[in-house]
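The values are calculated or read from the model by the stated rules, or taken from the named source; none is laboratory data. Being a predicted model, the structure only gives us computed values, none of them experimental. All Cβ positions, glycine included, derive from the backbone under ideal geometry; neighbour counts span all protein chains shown.
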Amino acid sequence: MQPNFEKNVLLYGSFIAILASLTFALLPIGGENGNNVLAQAGEQNNQSSIAHNAKGHEAHQVIIFQNSGDGLKYTGMVTFNLSKPADVISFEEITKEDQPANATKKMWEVGDKKFVPSTLLKNVSDGSISFNGSGILAHSTSGDKYTGTFTLNDTAISNNSNSSGNQ
């Protein structure tokens, strides 16, 4: 009985070691040029609007579907239902090198970071939209609070050359 026990322990121990090795080998799913690709599956989220933190927009209300994160850019789709109509806006963080020479382009300033907003939908209360950018949100110039339900399916591609903050 002793030899079978030792064989079983050896067999199970080898299996655990192989499984652990495969797990650690597959964890960093990398893209080209050192970029990591992260996917976010669609979970339904419920949120109440909050004051927008961009300079000059403090009286506006937003629901953040995808917040900007350090060095991340996203591509994906959001499906949403809002209690009040709002604009759906994606935004892209820009660095000092990327800032436009002319001042005609709209920018959001949040602390020492700057973002270029791009309006995808105007005055909507529900729908689905594809986006690319540092983040996406619902934006209302009204100071009235509202609520929203949304599902986000996106992929984040790590971009180690810049860092992002809140929009």
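Checking each residue of the stretch 85-101 against the condition of being over 15 Å from the mean Cα position of the chain (by Cα), in a strand (DSSP E or B) and modelled with pLDDT under 95 gives at least one match. Which residues, counting only those in the stretch 127-153, are within 12 Å of the chain's Cα centre (by Cα) and within 20 Å of ILE94 (Cβ to Cβ)? Those that are within 12 Å of the chain's Cα centre (by Cα) and within 20 Å of ILE94 (Cβ to Cβ): PHE131, ASN132, GLY133, SER134, GLY135, ILE136, LEU137.
Do we find a residue being surrounded by 13 or more Cβ atoms within 10 Å (Cβ to Cβ), assigned by TED's automatic domain parsing to the domain that holds GLN66, hydrophobic (A, V, I, L, M, F, W, C) and at pLDDT 95 or above anywhere in the stretch 143-151? There is at least one residue in the stretch 143-151 that is surrounded by 13 or more Cβ atoms within 10 Å (Cβ to Cβ), assigned by TED's automatic domain parsing to the domain that holds GLN66, hydrophobic (A, V, I, L, M, F, W, C) and at pLDDT 95 or above.
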